[in-house]
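Before any comments, here is the structure.
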Amino acid sequence: MHRLFNKIILIISVILSFIRKKIEPAKYQESCANDLCKYISLKSKDLLIVGLGEGTEVPIFISKGCNKVDAVEPYPIIDQNIFGSQFKLIKSNAESMFLIRDNTYDIVYSVATLEHIHDPYAAVKEMMRVLKPGGLFYLQVGPLWYSHHGYHAKKKYPALYEPWFHLMYSKEEYIVKRKDISDNNEYLGRINRIFNSQQYNRLPSRIYYDLVSSLIRVHIPLKISFNFGSEKYLDEVFKNKLSKYDLRDLITESFTIILRKTK
């Protein structure tokens, strides 16, 4: 009876964990989509999403009156027809959107995408190229690799709690150090992804600071905000092990910039 009870609890925990993994990114994307609507009416607008993912924002944009919503995604995980005739999926890299003409969209929107792109400068240049003069550009990016939780998703994987472990240890060292999770296949799979995957470009935060600076020199900024992690983790132990890294990289977590294109 006791074993059965434990098994039921384990099954429930797995189900809840799966639900959280689905809901949390969706809430974040929904929050950004609604934030965009504070700066421009979407009625009769042509909008481009760069980096579609599961397309959480698409129904929001259509419901707000967009004339059409196009999305650039090199590796789509959803079907072209899922959102109806107002939606079009363009299979392309953000760095070279040659299928799209200059000055096509009233709004270009990109959230949690630029950190996955090898050449952010080229991608932003392309986003601005396809945006109409006077159009709205909404960009949120997180140079997450150097931040204290890296991209190991602390809410999804709470056992991977040690700040900057991905910078302080090799994969082999960390598995030996954390024997408490070495027999958990889910966590071992995640650790392998952290150390081996090229999912993130792993660029330092100065790249994104430079991008923001170059954009506001030319275009009209409506909002610029930065999100920083706490320095409380940077005690002497971490400082010694992380001394080769820039403090700015270690605490910078995300940027949001909204601007209007001038020309």
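The values are calculated or read from the model by the stated rules, or taken from the named source; none is laboratory data. In this text, all values refer to a predicted model and were calculated from it rather than measured experimentally. Don't worry about glycine lacking a Cβ; one is built from the backbone with ideal geometry, like all the others, and counts go over all protein chains shown. In case anyone asks, the SASA skips ligands and DNA or RNA and just uses the protein heavy atoms, side chains included. Shrake-Rupley method; radii C 1.70, N 1.55, O 1.52, S 1.80 Å.
Are any residues in segment 107-125 in a helix (DSSP H, G or I), crowded, with 22+ Cβ neighbours inside 10 Å and touching an Asp or Glu at 6+ places or on another chain (Cβ under 9 Å), and if so, which ones?
Matches in segment 107-125: Pro120, Ala123.
Mind listing whichever residues of segment 212-254 are over 17 Å from Tyr151 (Cα atoms), aliphatic (A, V, I, L, M) and under 23 Å from the mean Cα position of the chain (by Cα)?
Val212, Leu215, Ile216, Leu222, Ile224, Leu247
For segment 141-150, give me the residue count where each residue is of a type outside the set (A, V, I, L, M, F, W, C) and open to solvent by 10 Å² or more (accessible area, probe 1.4 Å).
First, pick out the residues of segment 141-150 that are of a type outside the set (A, V, I, L, M, F, W, C): 142-143, 146-150.
With open to solvent by 10 Å² or more (accessible area, probe 1.4 Å) added as a condition, the list becomes 146, 148-149.
Adding up the residues that qualify gives 3.
Taking the criterion of being modelled with pLDDT of 90 or more and in contact with a strand residue (DSSP E or B) (Cβ under 8 Å, 6 or more places away or on another chain), would at least one residue in segment 166-175 satisfy it?
No - not one qualifying residue is present in segment 166-175.
So which helices (runs of 4 or more DSSP H) are wholly in segment 158-227 and hold at least 1 residues that are open to solvent by 60 Å² or more (accessible area, probe 1.4 Å) and closer than 30 Å to Pro133 by Cβ?
Working: elements: 165-168, 171-177, 185-196, 205-218.
In segment 158-227, 205-218 are the helices (runs of 4 or more DSSP H) which contain 1 or more residues that are open to solvent by 60 Å² or more (accessible area, probe 1.4 Å) and closer than 30 Å to Pro133 by Cβ.
Let me confirm something: among Lys45, Lys7, Lys21, Lys27, which residue is modelled with pLDDT of 85 or more and among the charged types (D, E, K, R)? Let's see the steps before the verdict.
Working: Lys7 fails: modelled with pLDDT of 85 or more; Lys21 fails: modelled with pLDDT of 85 or more; Lys27 fails: modelled with pLDDT of 85 or more.
Every option except Lys45 fails the conditions.
Considering only segment 147-188, state which residues are among the charged types (D, E, K, R) and within 19 Å of the chain's Cα centre (by Cα). Spell out how you get there, then give the answer.
Residues of segment 147-188 among the charged types (D, E, K, R): 154-156, 162, 171-173, 177-180, 183, 186.
Answer for segment 147-188, where residues must be among the charged types (D, E, K, R) and within 19 Å of the chain's Cα centre (by Cα): Lys154, Lys155, Lys156.
Can you name the residue in segment 231-263 that is without any contact (Cβ under 8 Å) to a residue 60 or more places away in the chain and polar (S, T, N, Q) and is also nearest to Val218 (Cα to Cα) among such residues?
Ser243
Pick from segment 58-92 the residues that are assigned to a strand (DSSP E or B) and among the hydrophobic types (A, V, I, L, M, F, W, C): which of them is farthest from the chain's Cα centre (by Cα)?
The first filter runs over segment 58-92 and keeps only residues assigned to a strand (DSSP E or B), leaving 68-72, 87-90.
Imposing the further condition that a residue be among the hydrophobic types (A, V, I, L, M, F, W, C) reduces the set to 69, 71-72, 87, 89-90.
Details: Val69: 20, Ala71: 16, Val72: 15, Phe87: 22, Leu89: 19, Ile90: 19 Å.
Top of the filtered list is Phe87.
Give segment 59-73 a look and list any residue that's farther than 11 Å from Phe83 by Cβ and either touching a Cys at 6+ places or on another chain (Cβ under 7 Å) or aromatic (Phe, Trp, Tyr) (or both), or say none.
Lys64
Cβ-Cβ below 8 Å, separation at least six or inter-chain, first residue in segment 147-161 and free of Cβ contacts under 8 Å to residues at least 12 places away in the same chain, second open to solvent by 30 Å² or more (accessible area, probe 1.4 Å) and of a type outside the set (Phe, Trp, Tyr): which pairs?
Taking only residues 6 or more apart or on different chains, the pairs are Tyr161/Lys154.
Testing Glu95 on (1) assigned to a loop (DSSP other than H, G, I, E, B); (2) out of contact with any helix residue (DSSP H, G or I) (no Cβ under 9 Å at 6 or more places or on another chain); (3) open to solvent by 30 Å² or more (accessible area, probe 1.4 Å), one condition comes back false. Which one is that?
So the condition that Glu95 fails would be (2).
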